[in-house]
Amino acid sequence: MSAPSLRGDGTSEDVWWGPGGLDAVTAADPAAVRPPGRVVVVAPHPDDEVLGAGGTLAVWAAVGSEVAVVAVTDGEGSHPGSPTLTPAQLAERRAVEREHALAALGLGTPAVHRLGLPDAGVRADDVAARLAPLLRARDTVLVPVAGDGHPDHDATADGGARAAAEAGVTCWRYPVWLWHWARPGTVSFAGARRLVLPAGAAAAKAAALACFTTQIAPLSPDPRDAAILAAPVLARFRRDAEIVWGPR
């Protein structure tokens, strides 16, 4: 199978709620499935933790979960050739955006472990090796779903799951780019749950998404500075539910 295309608007949010889509996924209250220990969310790029699981993290933090973030890359490669920001400047801008976004979710100032792996050059072995020392007994690790479709996401999914298995801790999975390239009927929702977000958590996620200005708005009028997350893409992350694959 060829690599999925991440260009264009992708699969419409309306399509995901059609036959064989999200309505068919078992619904659950995020608080009712809260893991017992610390939650370690592994994000290939700054914003992936919010896009994939921000509302759920907001619920879990509100009811007492400790949340840590592992930033696999600093996202310095989102605008190659930008005339406005160098890769180093973009990385620091995105780190600040993440800090504000996590605060908007109600997480305060959680531990953020920046692995510093190269954006667009993540290797699963490196993720596994650098994540393993950060894990504790009784942690629950959140990584991208296998086959999410972006090379950095897929390497993070593989390496993160390996580190969790070696540490003997639970691994859950969240999607980001899968919503863009896949369609209902092409995805197995076996083992998935649709975590229905309370209004406050959905609003917190919306506020967190708004913090990522380097991704949701152009850096400048130059085409190389175009927004990464266009309106049709963002629509899939403004729904009132999040999908996770994990233990039942």
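Kindly indicate whether ARG239 is of a type outside the set (A, V, I, L, M, F, W, C) and over 15 Å from the mean Cα position of the chain (by Cα).
no
Return the residues of region 143-168 that are assigned to a loop (DSSP other than H, G, I, E, B) and open to solvent by 20 Å² or more (accessible area, probe 1.4 Å); say none if nothing qualifies.
ALA146, GLY147, HIS150, GLY168
Has region 14-27 got at least one residue that is surrounded by fewer than 19 Cβ atoms within 10 Å (Cβ to Cβ), out of contact with any Lys or Arg (no Cβ under 8 Å at 6 or more places or on another chain) and within 29 Å of VAL70 (Cα to Cα)?
Checking region 14-27: not a single residue is surrounded by fewer than 19 Cβ atoms within 10 Å (Cβ to Cβ), out of contact with any Lys or Arg (no Cβ under 8 Å at 6 or more places or on another chain) and within 29 Å of VAL70 (Cα to Cα).
Please determine whether any residue of region 169-180 is open to solvent by less than 30 Å² (accessible area, probe 1.4 Å), over 22 Å from SER12 (Cα atoms) and either among the acidic types (Asp, Glu) or part of a helix (DSSP H, G or I) (or both).
No, there is no match, as no residue in region 169-180 is open to solvent by less than 30 Å² (accessible area, probe 1.4 Å), over 22 Å from SER12 (Cα atoms) and either among the acidic types (Asp, Glu) or part of a helix (DSSP H, G or I) (or both).
So, in region 192-248, of the ones that are modelled with pLDDT under 95 and touching a strand residue (DSSP E or B) at 6+ places or on another chain (Cβ under 9 Å), which residue ends up farthest from GLY108 (Cα to Cα)?
Applying the filter and picking the extreme gives ARG248.
Just the residues that are at pLDDT below 95 and hydroxyl-bearing (Ser, Thr, Tyr), please, taken from region 155-191.
Of everything in region 155-191, those that are at pLDDT below 95 and hydroxyl-bearing (Ser, Thr, Tyr) turn out to be THR186, SER188.
Among residues belonging to region 165-180 that are out of contact with any Asp or Glu (no Cβ under 9 Å at 6 or more places or on another chain) and touching a residue at least 60 places away in the same chain (Cβ under 8 Å), point out the one that is nearest to GLY54 (Cα to Cα). Step through it out loud before you land on a result.
Within region 165-180, the subset out of contact with any Asp or Glu (no Cβ under 9 Å at 6 or more places or on another chain) is 165-166, 168, 171-172.
From the residues that got through so far, the ones that are touching a residue at least 60 places away in the same chain (Cβ under 8 Å) too are 171-172.
On the way: CYS171: 17, TRP172: 14 Å.
Top of the filtered list is TRP172.
If ALA103 passes every condition in (1) in contact (Cβ under 8 Å) with a residue 12 or more places away in the chain; (2) within 25 Å of ARG194 (Cα to Cα); (3) in contact with a Cys (Cβ under 9 Å, 6 or more places away or on another chain) but one, which one does it miss?
(1)
Can you go through PHE189, PHE212 and tell me which one is in contact (Cβ under 8 Å) with a residue 12 or more places away in the chain, under 23 Å from ARG173 (Cα atoms) and open to solvent by less than 20 Å² (accessible area, probe 1.4 Å)?
PHE212
For region 154-170, does any single residue satisfy the condition of being of a type in the set (Ser, Thr, Tyr) and in contact with a helix residue (DSSP H, G or I) (Cβ under 8 Å, 6 or more places away or on another chain)? It would help to see each step written out before you state the result.
Narrowing region 154-170 to residues of a type in the set (Ser, Thr, Tyr): 156, 170.
Cutting the leftovers down to in contact with a helix residue (DSSP H, G or I) (Cβ under 8 Å, 6 or more places away or on another chain) gives us 156, 170.
Yes, that holds for at least one residue.
The values are calculated or read from the model by the stated rules, or taken from the named source; none is laboratory data. A quick note: this is a predicted structure, and the numbers were derived from the prediction, not measured. All Cβ positions, glycine included, derive from the backbone under ideal geometry; neighbour counts span all protein chains shown. Ligands, DNA and RNA are excluded from the accessible area calculation, which covers all protein heavy atoms including side chains. Shrake-Rupley method; radii C 1.70, N 1.55, O 1.52, S 1.80 Å.
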